[in-house]
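S.K.: The structure under discussion is supplied below as structure tokens; questions concerning it will follow.
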Amino acid sequence: MISPPALDARPTTFDSADGPVPCVDLASGAAQACVALQGAQLLSWVPARGGERLFHGTATRYGAGRGIRAGIPVIFPQFADQGPLIRHGWARTADWSFLGIETDSGTPAAVFALDDDATSRAQWPHRYALRLHVGLDGNTLTVALEVRNRGDAPFDFACALHSYLRVGSLAATRLDGLAGRAFTDRSSGETRIDAAASPRFDGEVDRTYLGCDGERRLSDGHAALRIETTGFADTVVWNPGAALAAGLSDLAPGEHDRFVCVEPACVEPRIILAPGASWRGTLRMAACEDAASD
Ligand SMILES: O=P(O)(O)OC[C@H]1O[C@H](O)[C@H](O)[C@@H](O)[C@@H]1O
């Protein structure tokens with residue numbers, strides 16, 4: 001029997017221009033990742049083969065209460081401004097706890113936790129337990145978000161893993177696997193179908209693809225990612241384009257050209273959880289060095 005690779009975790013601090021950022025560094029063989037405790041946000045993923053796969057800009061800002069435009073922010077319990085709560089909810093800016101490494105499923109994963117508290121209940125009167133499980137295995141990253149209702153009344157929520165995926169340049173970038181699916185264009189509000197094999201990243205792209213499963217593939221002509229999700233009903237695809245990016249102070253000029261957000265999400269309808277019930281969504285990404293292979 002082949003044993004699963006070990007996963008080592010080391011609490012550390014990343015020195016940003018905005019001050020120290022408490023993190024947990026993860027390593028499994030040659031694969032590495034770094035998770036900030038603020039937001040349980042993956043800031044870095046370096047698979048065993050190849051370099052960094054998550055976007056991190058030169059103007060990225062850190063600091064308490066601030067959404068970090070990099071890596072994989074966790075969005076809960078509201079997506080964007082689709083509801084009365086703060087934009088994208090507070091899971092991305094809250095301080096999570098690192099619980100340790102779990103091995104229950106055979107594959108080790110680092111587990112991060114965020115439960116409701118007085119501050120969250122003042123905005124949203126529900127009792128929840130969020131768990132983020134992060135596993136590394138060679139060229140594969142697995143991130144699972146679990147939401148449990150630990151209260152005595154049902155609640156509903158939206159969520160996403162708002163993944164900023166690094167690309168060499170948008171002009172050479174393709175996202176395959178979504179062709180022919182209905183999406184809502186978030187900037188116009190229209191729902192339509194694009195017959196093209198891949199969206200064109202030549203301006204703002206902000207689409208919520210509805211009812212997604214199966215494999216998607218992001219490639220930039222040099223490197224590719226195979227993206228598989230379970231549990232997440234939707235996929236949001238976002239890039240601000242040059243004009244909107246110029247108004248984002250935490251994105252340096254031209255850096256919108258270095259990422260595409262491909263976000264497994266549950267936007268609409270929201271998930272309804274009965275007391276004691278749980279929901280789990282999983283994102284699995286496999287890195288390939290050559291877009292033509294695998
Ligand atoms: O700037 P943020 O609050 O992090 O949001 C960044 C983006 O998130 C999602 O992808 C939404 O679909 C976009 O409409 C939004 O602009």
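S.K.: Of all residues in region 40-56, count the ones that are under 16 Å from the mean Cα position of the chain (by Cα) and away from the ligand (no atom under 12 Å from the Cβ).
M.R.: Just the residues of region 40-56 that are under 16 Å from the mean Cα position of the chain (by Cα), to begin with: 40-46, 52-56.
This time we only want the ones that are away from the ligand (no atom under 12 Å from the Cβ), so: 40, 42-46, 52-56.
Going through region 40-56 one residue at a time, the tally reaches 11.
S.K.: Please specify each residue of region 184-225 satisfying the condition of being without any contact (Cβ under 8 Å) to a residue 12 or more places away in the chain and either touching a helix residue (DSSP H, G or I) at 6+ places or on another chain (Cβ under 7 Å) or assigned to a loop (DSSP other than H, G, I, E, B) (or both).
M.R.: Selection gives S188, G189, E190, R200.
S.K.: Something else now. Of a type in the set (G, A, S) and within 18 Å of I68 (Cβ to Cβ): which single residue out of A286, A233, A252 fits that description? Don't jump to the end; show me each part of the working.
M.R.: On the way: A286 fails: within 18 Å of I68 (Cβ to Cβ); A233 fails: within 18 Å of I68 (Cβ to Cβ).
Going through A286, A233, A252 in turn, just one is of a type in the set (G, A, S) and within 18 Å of I68 (Cβ to Cβ): A252.
S.K.: Considering only region 226-238, state which residues are part of a strand (DSSP E or B) and either more than 14 Å from the chain's Cα centre (by Cα) or more than 13 Å from the ligand (Cβ to nearest atom) (or both). Full working, then the answer.
M.R.: Taking region 226-238 and keeping what is part of a strand (DSSP E or B), we get 226-230, 234-238.
Of everything in region 226-238, those that are part of a strand (DSSP E or B) and either more than 14 Å from the chain's Cα centre (by Cα) or more than 13 Å from the ligand (Cβ to nearest atom) (or both) turn out to be R226, I227, E228, T229, T230.
S.K.: Return the residue satisfying two criteria in turn: it lies in region 188-212 and is under 18 Å from A265 (Cα atoms) and exposed (fewer than 13 other Cβ atoms within 10 Å of the Cβ), and of such residues it is farthest from the ligand (Cβ to nearest atom).
M.R.: Ranking the qualifying residues of region 188-212, first place goes to G211.
S.K.: Could you please give the count of residues in region 18-32 that are within 24 Å of A252 (Cα to Cα) and touching a residue at least 40 places away in the same chain (Cβ under 8 Å)?
M.R.: 3
S.K.: If you go through region 17-42, how many residues are surrounded by fewer than 22 Cβ atoms within 10 Å (Cβ to Cβ), touching a Cys at 6+ places or on another chain (Cβ under 6 Å) and of a type in the set (A, V, I, L, M)?
M.R.: 0
S.K.: Which strands (runs of 3 or more DSSP E) sit wholly inside region 72-172 and have at least 2 residues that are hydrophobic (A, V, I, L, M, F, W, C)?
M.R.: Details: elements: 97-102, 109-115, 128-137, 140-149, 155-161, 164-166.
Hits in region 72-172: 97-102, 109-115, 128-137, 140-149, 155-161.
S.K.: Of the numbered conditions (1) among the basic types (K, R); (2) within 25 Å of E255 (Cβ to Cβ); (3) within 16 Å of the chain's Cα centre (by Cα), R186 satisfies every one except a single condition; which is it?
M.R.: All conditions pass for R186, except number (3).
S.K.: Residues that are in contact with a Gly (Cβ under 8 Å, 6 or more places away or on another chain), of a type in the set (D, E, K, R), within 16 Å of the ligand (Cβ to nearest atom) and farther than 15 Å from C159 by Cβ: does region 58-76 have at least one?
M.R.: yes
S.K.: Moving on to the next point. Do you know which of the residues in region 152-187 that are at pLDDT 95 or above, polar (S, T, N, Q) and over 20 Å from F232 (Cβ atoms) is farthest from the ligand (Cβ to nearest atom)?
M.R.: Per the criteria, the residue is S169.
S.K.: Condition first: of a type in the set (S, T, N, Q), buried (at least 18 other Cβ atoms within 10 Å of the Cβ) and more than 18 Å from the chain's Cα centre (by Cα). Now tell me which residues in region 118-150 satisfy that.
M.R.: S120, N149 - these are the residues of region 118-150 that are of a type in the set (S, T, N, Q), buried (at least 18 other Cβ atoms within 10 Å of the Cβ) and more than 18 Å from the chain's Cα centre (by Cα).
S.K.: Could you list, in sequence order, all residues of region 240-270 that are within 12 Å of the ligand (Cβ to nearest atom) and more than 19 Å from the chain's Cα centre (by Cα)?
M.R.: Hits for region 240-270 are G241, L244, A245, G247, L248, S249.
S.K.: Any residue that is in contact with a Lys or Arg (Cβ under 8 Å, 6 or more places away or on another chain), under 26 Å from R148 (Cβ atoms) and not acidic (D, E) - is there at least one of those in region 237-257?
M.R.: Within region 237-257, none of the residues are in contact with a Lys or Arg (Cβ under 8 Å, 6 or more places away or on another chain), under 26 Å from R148 (Cβ atoms) and not acidic (D, E).
The values are calculated or read from the model by the stated rules, or taken from the named source; none is laboratory data. Model, not experiment: these values are computed from the prediction. All Cβ positions, glycine included, derive from the backbone under ideal geometry; neighbour counts span all protein chains shown.
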